1. Identify the residues of segment B:163-206 with backbone N under 13 Å of a label point that sits 7 angstrom from the Cα of residue B:56 along the Cα-to-Cβ direction, or state none.
2. Give me the extension gain from residue B:125 to residue B:291: residue separation times 0.36 nm, minus the current Cα-Cα distance, reported in nm with one decimal.
3. Just grab the label-to-label distance for residue B:355 and residue A:76, each label 7 Å out from Cα along the Cβ direction, in nm (one decimal).
4. Rank these for me by crowding, B:218, B:400, going from fewest to most other beta carbons within 10 Å.
5. Expressed in nm to one decimal, what extension gain is obtained for the pair residue B:118 and residue B:96 from 0.36 nm per residue of sequence separation less their Cα-Cα distance?
6. State the volume of the convex hull built on the alpha-carbon positions of chain B, expressed per residue in Å³ and rounded to an integer.
7. Using the 10 angstrom Cβ neighbour count as an exposure proxy, how do B:385, B:220, B:255 rank, fewest first?
């Protein structure tokens, strides 16, 4: 698998490229390879595996690699600042932070339309990743260059695909939000407090308050309601199904 | 058959347990050696099979909890029954495996079918008698240790006091008492206050084989920390810190990923620890923290392929490593169903293959060789022909004999020394 629109240079076997950073850099080739490594890493981080929690170790290692590339690019001066569309949008264009790794996919979906992480799906096309990239939020202060998105995620029908994906995502969020609203007290009274780790709850609460969406908590499915959980699962299955259609796998 | 996810001999080597992705545990037992068939030296046959973990759904996070068995650890045998710990990502269970070869017959109040007898028909007292029956092996869950891990459990380790054990996830390590399931002590917590600052996770942990106060844990940055539980309740400050300085000439964007330690094992003697990272196995002396005493290259020919291996995620494969009973040989797996053994004394190493096509039962394994560029000899295999989907992540070595168990995806291979 590789991103569309970007011709891949032969990475392996060129020892001076993968070798020491202080080694000889054939400038265009090295930058391109480094860029493609960065892109690959971002795709790996963005893809969401909705059903099973992502591997934290893998996510941390990839995020560290991204950070390393960013640092080097900053030193090189090849890191370009993008124009932020608005103050609200500024954070959305930033690169991934590991904070996202430990939030549930639902918390992210309700607060920020950000999918959780997953193992890398090879069939996943670059067009969907662009949508995720655009809606990604993070606390990292480094901002992704705009050309990152334009270079990498060339696609044939960007608007259409993006629209379809976004629409399906929205549909799913709507379904989840339209569950019978529970007040916060109800939510906690039904939850067996001994079960849930306190910081899981706090993470959810904090992420919601950060976005100013107090009603995020109201959309939590009651754990005792079997139908809502099965609806949730079927919604997730629906998303998988949609993803399959989009990638024509 | 499902993908095997863990393999472990018990302390005598009589039993071999495997766990798989479907949450099942299969235990093999070694046959008693008989004089009549000396060439069938103690083969392993299925002894018990049971479903250890079922898939679960975390309703709060809307995520599935996999039933895959991450680790199995045996307890030392203290009576006729066998006990083992098995764990998935979130829950540890203590299983009792026991034999039943007698059955009580002749109950007073119920008949052979179990139905209650009509009291008016009972005219005399009768005491049940134990009669032999076909051997039945039962597995029963005796303890369930749940709800203590927010992150995925990667290791469990039984303490030498046989009363406690630890479970480690990506960010925390908990200490349990076997008798108490609703409480555990947190002994290591590396979760940062701000998760955005997370750059390192725990990858493996193990108790010292003899000192019940000592344990080690490894990290994704290639470091090992040895902790002493006597110093404080929360062992966030290590007693020893093992790290090899980075080789600047080998530095690349993948350096950190390939330095991430996937397994750590104490030697049986307790003097050494062995660590496995992506390309090497290292042996460390507990008394020397600044570098390992031995480094063995498992498959250095992959060093120039790291980008492809990153792309297809193979670079994140977690290989385990094992010591033999006398700590003189170490073994670890590789790709293409190859596994490697290193003799620490003679410094010789061998590559063997676990595959049905390339070896017949009871045939001696032929050493394999990967050719790195240049002219390929007849029996060699070139790096580009390696099958990266056939990986040997889990192996086990009998505690006292030269018998090894090798898990190749969904097949289990057991190899023994040649019988003369």
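Coordinate-derived values only; no laboratory data. This is a predicted model, so every value here is computed, not measured. Here the Cβ is made from the backbone with ideal geometry for all residues, glycine too, and neighbour counts use every protein chain on show.
1. B:182
2. Working: separation 166, 0.36 × 166 = 59.76 nm, distance 7.51 nm.
Working it through step by step, the gained length comes to 52.2 nm.
3. About 3.9 nm, to one decimal.
4. Working: B:218 27, B:400 14.
Ranking B:218, B:400 by Cβ neighbours within 10 Å, fewest first, gives B:400, B:218.
5. Values: separation 22, 0.36 × 22 = 7.92 nm, distance 3.65 nm.
My answer for the length gained is 4.3 nm.
6. On the way: hull volume 82.9 nm³, N = 420.
Once divided by residue count, the hull of chain B is 197 Å³.
7. Working: B:385 11, B:220 24, B:255 16.
Fewest-to-most Cβ neighbours within 10 Å comes out as B:385, B:255, B:220.
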